[in-house]
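Input: a single structure, listed below in structure tokens.
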Amino acid sequence: MKWVTYDAGAGVRTGVLDGETVRGLRPGVGLLALLEADALAEAGDTARRAPDEVRPLADVRLRAPLPRPPSVRDGLCFLDHLRGCYRALGRSEELHPVWSERPGFYFSNAAAIVGPHDDVPIAPGSQAFDLELEVAAVIGCGGRDLDPATAERHIVGYTLFNDWTARDHQLGDLAQGIGMGKAKDSAVTLGPALVTADELEPFRRDGRLAPTLSATVNGEEITRGSLDRMDWTFGELLAYVSRGVDLAPGDVIGSGTVSGGCLLEHVDTPDLTGFAGWLRPGDVVSLCGEGLGETRQTVVAGTDVIPLRPGA
């Protein structure tokens with residue numbers, strides 16, 4: 001099933017995509033609550049047999065399927081992406097051995113979720129605003145200390161994930177050395193739907209999910225890749241992030257960026273802010289994934305920066 005959160009003008013509701021229509025559940029039923037109650041399958045049967053309403057897809061506005069998940073973690077499981085970023089920054093592409101010992105991840109801002117067609121403001125003060133092409137796994141059955149061989153059973157479904165990044169702010173975050181901060185704080189796109197794991201089985205190859213993924217800016221493709229190119233699988237990523245901690249229904253865990261799936265990897269100047277390709281107001285960014293659908297968003301101007309101190 002493809003679960004959506006939508007607004008047809010009378011408030012936000014939850015439903016199932018059925019071709020070019022949305023079969024909605026009664027008002028007040030949210031996707032997160034269904035996951036927490038382990039009631040997704042039963043609700044899906046209700047949406048199929050006796051929906052509270054049926055709306056043309058063209059007449060609704062899709063929101064993020066999980067507008068406020070319990071937590072958002074983002075992995076870095078495509079190591080060629082990291083090598084490409086190092087290359088753009090003038091660093092050696094040789095990775096520290098730790099990247100082969102465990103997957104990297106950080107916590108993102110669960111309050112910064114935006115929908116698949118929402119406008120995205122540039123992070124305040126940024127002159128190097130970037131997109132990132134990713135897929136996120138959503139936890140259905142919680143757990144801790146998961147086994148990498150079976151951890152994928154805890155995934156209820158997948159959605160496209162755009163980890164918008166202010167690259168100039170990121171340089172400051174890295175210099176402080178305490179993790180991701182304002183570089184990753186402005187927006188995270190989820191959508192257009194939460195696609196249940198069984199729906200993606202036709203895209204499995206050699207035991208791994210392998211849907212084709214692509215990203216465009218103003219209709220120009222910047223990369224095309226496949227999910228099975230992850231150096232760390234979702235099972236391994238979930239096993240690592242669950243060590244000693246509970247994963248909860250609705251938790252969102254990103255794959256990391258597909259190789260070539262951000263503008264930083266295409267920087268062609270030694271001066272990061274001198275790159276002409278950073279996102280600007282009016283740019284249209286789209287992510288696409290086989291079986292996952294497509295996001296399409298317009299970048300808009302951000303707010304002005306308020307100085308932290310007089311004269312700063």
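The values are calculated or read from the model by the stated rules, or taken from the named source; none is laboratory data. Bear in mind the structure is a predicted one, so any value in this text is a computation, not a measurement. Quick reminder, even Gly has a Cβ in these numbers, built from the backbone with ideal geometry, and neighbours come from all protein chains shown.
Scanning the range 118-139 for residues that are of a type outside the set (A, V, I, L, M) and either outside the structural domain of ARG243 (by TED's automatic domain parsing) or touching a Leu at 6+ places or on another chain (Cβ under 6 Å) (or both), which turns out nearest to THR223 (Cα to Cα)? Outline the logic, then answer.
Within the range 118-139, the first condition is being of a type outside the set (A, V, I, L, M), and the residues that meet it are 118-119, 121, 124-127, 129-130, 132, 134.
Subsequent filtering for residues that are either outside the structural domain of ARG243 (by TED's automatic domain parsing) or touching a Leu at 6+ places or on another chain (Cβ under 6 Å) (or both) retains 129-130.
Details: PHE129: 17, ASP130: 14 Å.
My answer is ASP130.
Could you list, in sequence order, the residues of the range 42-96 that are of a type in the set (D, E, K, R) and in a helix (DSSP H, G or I)? Spell out how you get there, then give the answer.
Taking the range 42-96 as the starting set, the residues that turn out to be of a type in the set (D, E, K, R) are 42, 45, 48-49, 52-53, 55, 59, 61, 63, 68, 73-74, 80, 83, 87, 91, 93-94.
Once the filter is applied, which keeps residues that are of a type in the set (D, E, K, R) and in a helix (DSSP H, G or I), the range 42-96 yields GLU42, ASP45, ARG48, ARG49, ASP59, ASP80, ARG83, ARG87.
I need a count of the residues in the range 116-127 that are within 20 Å of the chain's Cα centre (by Cα), surrounded by 22 or more Cβ atoms within 10 Å (Cβ to Cβ) and more than 11 Å from TRP164 (Cα to Cα).
1
Would you confirm whether any residue within the range 265-272 is among the hydroxyl-bearing types (Ser, Thr, Tyr) and without any contact (Cβ under 8 Å) to a residue 40 or more places away in the chain? Break it down stepwise before answering.
Initial filter on the range 265-272 (among the hydroxyl-bearing types (Ser, Thr, Tyr)): 269.
If we keep only those that are without any contact (Cβ under 8 Å) to a residue 40 or more places away in the chain as well, we get 269.
Scanning the range 265-272, I find at least one residue that is among the hydroxyl-bearing types (Ser, Thr, Tyr) and without any contact (Cβ under 8 Å) to a residue 40 or more places away in the chain, so the answer is yes.
Condition check ((1) of a type outside the set (Val, Ile, Thr); (2) modelled with pLDDT of 95 or more) across all residues:
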{"residue": "LEU237", "(1), (2)": "yes, yes"}
{"residue": "SER242", "(1), (2)": "yes, yes"}
{"residue": "VAL258", "(1), (2)": "no, yes"}
{"residue": "ALA276", "(1), (2)": "yes, no"}
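As an exercise: evaluate GLU221 against (1) at pLDDT 95 or above; (2) closer than 21 Å to ILE113 by Cβ and give the number of the one condition it does not meet.
Here GLU221 clears every test but (2).
Those residues that are touching a Cys at 6+ places or on another chain (Cβ under 7 Å) and surrounded by fewer than 20 Cβ atoms within 10 Å (Cβ to Cβ), I need them from the range 215-236; list them, please. Give the steps one after another, and end with the answer.
Of all residues in the range 215-236, those touching a Cys at 6+ places or on another chain (Cβ under 7 Å) come to 230-232.
Within the range 215-236, just ASP231 meets the criteria.
Return yes when LEU57 is in contact with a Leu (Cβ under 6 Å, 6 or more places away or on another chain), aliphatic (A, V, I, L, M) and outside the structural domain of ILE253 (by TED's automatic domain parsing) and no when it is not. Explain how you work it out, then say what you get.
Details: in contact with a Leu (Cβ under 6 Å, 6 or more places away or on another chain): no; aliphatic (A, V, I, L, M): yes; outside the structural domain of ILE253 (by TED's automatic domain parsing): yes.
Criteria not met by LEU57.
Can you tell me which residue within the range 34-64, out of those that are small (Gly, Ala, Ser) and more than 27 Å from ARG296 (Cα to Cα), is farthest from the chain's Cα centre (by Cα)?
From the range 34-64, those small (Gly, Ala, Ser) are 37, 39, 41, 43-44, 47, 50, 58, 64; that's our starting set.
If we keep only those that are more than 27 Å from ARG296 (Cα to Cα) too, we end up with 37, 39, 41, 43, 50.
Values: ALA37: 24, ALA39: 24, ALA41: 24, ALA43: 25, ALA50: 31 Å.
So the residue we want is ALA50.
Taking the residues in the range 285-312 that are of a type in the set (A, V, I, L, M) and closer than 13 Å to LEU133 by Cα as candidates, determine which candidate is surrounded by the fewest Cβ atoms within 10 Å (Cβ to Cβ). Spell out how you get there, then give the answer.
First pass over the range 285-312, keeping only residues of a type in the set (A, V, I, L, M): 285, 287, 292, 299-301, 305-306, 308, 312.
Pick out the ones that are also closer than 13 Å to LEU133 by Cα and you get 285, 287, 292.
Details: VAL285: 23, LEU287: 28, LEU292: 28.
Out of the qualifying residues, it is VAL285.
Does PRO281 qualify as being under 18 Å from ARG153 (Cβ atoms), assigned to a loop (DSSP other than H, G, I, E, B) and out of contact with any Phe, Trp or Tyr (no Cβ under 7 Å at 6 or more places or on another chain)? Full working, then the answer.
Values: under 18 Å from ARG153 (Cβ atoms): no; assigned to a loop (DSSP other than H, G, I, E, B): yes; out of contact with any Phe, Trp or Tyr (no Cβ under 7 Å at 6 or more places or on another chain): yes.
Taking the combined requirement at face value, the residue does not satisfy it.
Of all residues in the range 80-98, which are under 15 Å from THR257 (Cα atoms), without any contact (Cβ under 8 Å) to a residue 60 or more places away in the chain and hydrophobic (A, V, I, L, M, F, W, C)?
LEU82
Give the range 268-299 a look and list any residue that's touching a helix residue (DSSP H, G or I) at 6+ places or on another chain (Cβ under 9 Å) and closer than 16 Å to ALA215 by Cβ, or say none.
Passing the criteria: GLY277, TRP278, GLY289, GLU290, LEU292.
Show the residue pairs that are 6+ apart or on different chains and have beta-carbon atoms under 6 Å apart, the first residue being within the range 32-43 and over 17 Å from ARG13 (Cβ atoms), the second being of a type outside the set (A, V, I, L, M).
Close Cβ pairs satisfying both conditions: GLU36/PRO249.
Could you grab me the full set of residues in the range 102-134 that are charged (D, E, K, R), touching a Gly at 6+ places or on another chain (Cβ under 8 Å) and not in a loop (DSSP other than H, G, I, E, B)?
Start the filter on the range 102-134 by keeping residues that are charged (D, E, K, R), which leaves 102, 118-119, 130, 132, 134.
Adding the requirement that they be touching a Gly at 6+ places or on another chain (Cβ under 8 Å) leaves 132, 134.
Answer for the range 102-134, where residues must be charged (D, E, K, R), touching a Gly at 6+ places or on another chain (Cβ under 8 Å) and not in a loop (DSSP other than H, G, I, E, B): just GLU134.
Given (1) in the same structural domain as MET180 (by TED's automatic domain parsing); (2) touching a Phe, Trp or Tyr at 6+ places or on another chain (Cβ under 8 Å); (3) hydrophobic (A, V, I, L, M, F, W, C), identify the lone condition not met by LEU40.
(1)
Which condition does LEU32 not pass, out of (1) at pLDDT below 95; (2) not in a loop (DSSP other than H, G, I, E, B), if it passes all the others?
(1)
Just one of ASP185, ASP163, ASP198 is surrounded by fewer than 18 Cβ atoms within 10 Å (Cβ to Cβ) and not aliphatic (A, V, I, L, M); which is it?
Sole residue among the options that is surrounded by fewer than 18 Cβ atoms within 10 Å (Cβ to Cβ) and not aliphatic (A, V, I, L, M): ASP198.
Taking ARG48, is it surrounded by 20 or more Cβ atoms within 10 Å (Cβ to Cβ), of a type in the set (D, E, K, R) and more than 19 Å from GLU134 (Cβ to Cβ)?
Numbers: surrounded by 20 or more Cβ atoms within 10 Å (Cβ to Cβ): no; of a type in the set (D, E, K, R): yes; more than 19 Å from GLU134 (Cβ to Cβ): yes.
When the stated conditions are applied, ARG48 does not pass them.
Quick one: is VAL245 among the β-branched types (Val, Ile, Thr) and within 22 Å of GLY143 (Cβ to Cβ)? Before the answer, list the steps.
Values: among the β-branched types (Val, Ile, Thr): yes; within 22 Å of GLY143 (Cβ to Cβ): yes.
Yes: the conditions hold for VAL245.
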